[in-house]
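The values are calculated or read from the model by the stated rules, or taken from the named source; none is laboratory data. Computed from a predicted model, the values in this text were never measured in an experiment. As a convention, Cβ positions derive from the backbone with ideal geometry for all residues, glycine included, and neighbour counts pool all protein chains shown.
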Amino acid sequence: MENIEDTYFETKCVHSGIKDYEYGPVVPPIYQTSTFKFKSAAHGAALFAGEEKGYIYTRMGNPTIEAMEDSVAELEGGHKALGCGSGMAAVHTVFAALTQTGDNVICCRAAYGPTTTLLNSIMKRYGVETTFVDASNIEEVQNAVNGRTRVIYIETPGNPTLSIADIEGIAAIAHKNGTMLVVDNTFMSPALQKPFEFGADIVLHSMTKFLNGHADVIGGVVVVKDEETYREFRKVLNQIGGVIDPFNSFLVHRGIKTLALRMERHCESAMKIAEYLESHQAVSNVMFPGLPGHPQYRLARKQQKGPGGLISFKLKGGYRAGQNMMNNVKLFQLAVSLGGVESLIQHPASMTHASMGREARSDAGICEGLVRLSVGIENVNDLIHDLERGLEKVDDVREAVMI
Ligand SMILES: *Cc1c(COP(=O)(O)O)cnc(C)c1O
């Protein structure tokens, strides 16, 4: 292996970001330190002046964090990455770095809830206004652009309806109008989708999900394409302070080694489960980009290497059926979040999207009987058997929990 850039994705997952360290460990040591000693006053001065490469203070940089950052940047095909304390810290860093009072942001309506809230509260207070659009409708994106638009922000597939936005088409709109396209790539991971290849300017992730993959870390990352943007973003992150710590970086970097393998299994099992659900009489609609019936199946095939591990489906029995279903599965754990090795189930209408209110949910295509699965890497037959158990009970009146 001459260059890590010349290798296949699976190889990069195992090797990227790892450098030579004292004593020759094959994994990056956990440099659990807040600060770094200078060899002399002159050395300290040179580090601060940027004349010498080294570490000063962990908020500004740390070898364990850097190893993980370099790995994610490599996998996304970006220039450099910035490790953040959570996905939301990554989102905040991006908006703080790119916008100022008077700017307009165009954001997809299917964005992660707290991202929408950040735009509607803190960013709004700072004088940044947001237009929400259905990003799966490219004309709606085009029509929303005005002279003050600074950022177009999308998630694809969107949550929880798994609608797809055309990254290449939206990037063209962004660039024609002198704005930047930011893609939250959390649902796909770089194993399945590389937004830079389709013209995105910034890619971010909640590493809490697929990148770490083991449901034991909260973390985020921003990936940029050039050194100038990197320096600007690093300055902002250093001021805001939303950095990740060395131990969590180590865990994420460890998780990334199996990313390609895990994503393969997530996709394969989710495909089988989606087909099973589609054929079940209690289910009226399955939303999954791998099914030929998905409204943007062709677009998904173009920009995604696989359908992903998330499935949403509508139960004919509505809200009560959703609750009955969740109370009767055993392997699928009733929890929010996604992208871990364990399968999770949740009911957006009573959980993640409860605060939106019924009407706004209906506008966003989130009906009362919608259930979202994050398919883990267990044996798929066990998972289907478990869903069968839940689906048998969807109409059970005794089980009903009314809120
Ligand atoms: C979870 C999530 C976030 C936020 O990440 P945290 O690590 O929970 O702060 C952002 N975007 C998407 C798509 C997510 O799923």
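Here are a few things to note about the model shown:
- Selection from the range 266-290 of residues that are surrounded by fewer than 18 Cβ atoms within 10 Å (Cβ to Cβ) and either among the basic types (Lys, Arg) or not in a helix (DSSP H, G or I) (or both): Lys272, Ser279, His280, Gln281, Ser284, Asn285
- Subset of the range 174-184 [crowded, with 21+ Cβ neighbours inside 10 Å and either within 11 Å of the ligand (Cβ to nearest atom) or not polar (S, T, N, Q) (or both)]: Ala174, Leu181, Val182, Val183, Asp184
- Test result for Val141, within 28 Å of Gly309 (Cα to Cα) and modelled with pLDDT of 95 or more: yes
- Here Ala96 meets the list (1) surrounded by 20 or more Cβ atoms within 10 Å (Cβ to Cβ); (2) within 16 Å of the ligand (Cβ to nearest atom); (3) modelled with pLDDT of 95 or more almost entirely, failing just condition (1).
- Residue tally, condition part of a loop (DSSP other than H, G, I, E, B), touching a strand residue (DSSP E or B) at 6+ places or on another chain (Cβ under 7 Å) and within 27 Å of Val341 (Cα to Cα), over the range 174-218: 5
- For Leu251: the one exception among (1) more than 15 Å from the chain's Cα centre (by Cα); (2) over 20 Å from Tyr112 (Cβ atoms); (3) of a type outside the set (Asp, Glu); (4) away from the ligand (no atom under 14 Å from the Cβ): (4)
- Among the residues of the range 344-383, those that are modelled with pLDDT of 95 or more and surrounded by fewer than 16 Cβ atoms within 10 Å (Cβ to Cβ) comprise Asn379, Asn381, Asp382.
- Screening the candidates Ala111, Ala73, Ala97 for the property of being of a type outside the set (S, T, N, Q) and either free of Cβ contacts under 8 Å to residues at least 12 places away in the same chain or farther than 24 Å from Asp166 by Cα (or both) yields one hit, Ala97.
- Qualifying positions in the range 237-250 - surrounded by 19 or more Cβ atoms within 10 Å (Cβ to Cβ) and either among the hydrophobic types (A, V, I, L, M, F, W, C) or in the same structural domain as Gly339 (by TED's automatic domain parsing) (or both): Leu237, Val243, Ile244, Phe250
- Number of residues in the range 185-205 that are out of contact with any His (no Cβ under 7 Å at 6 or more places or on another chain) and within 16 Å of the ligand (Cβ to nearest atom): the value is 13.
- If you go through the range 312-342 and keep only what is within 21 Å of His294 (Cβ to Cβ) and part of a loop (DSSP other than H, G, I, E, B), you end up with Lys316, Leu338, Gly339.
- Test result for Gly357, without any contact (Cβ under 8 Å) to a residue 24 or more places away in the chain and more than 16 Å from the ligand (Cβ to nearest atom): yes
- Residue within the range 27-42 that is charged (D, E, K, R) and assigned by TED's automatic domain parsing to the domain that holds Tyr230 present: no
- Of residues in the range 206-220 being out of contact with any Lys or Arg (no Cβ under 7 Å at 6 or more places or on another chain) and of a type in the set (Gly, Ala, Ser), the one farthest from the ligand (Cβ to nearest atom): Ala215
- Counting only residues that are within 12 Å of the ligand (Cβ to nearest atom) and among the aliphatic types (A, V, I, L, M), the range 103-127 holds 3 of them.
- Candidates Val182, Val105, Val141 - the one that is assigned by TED's automatic domain parsing to the domain that holds Arg231, touching a Phe, Trp or Tyr at 6+ places or on another chain (Cβ under 8 Å) and farther than 30 Å from Ile4 by Cα: Val105
- The range 136-168, subset touching a residue at least 12 places away in the same chain (Cβ under 8 Å), part of a helix (DSSP H, G or I) and more than 16 Å from the ligand (Cβ to nearest atom), residue surrounded by the most Cβ atoms within 10 Å (Cβ to Cβ): Val141
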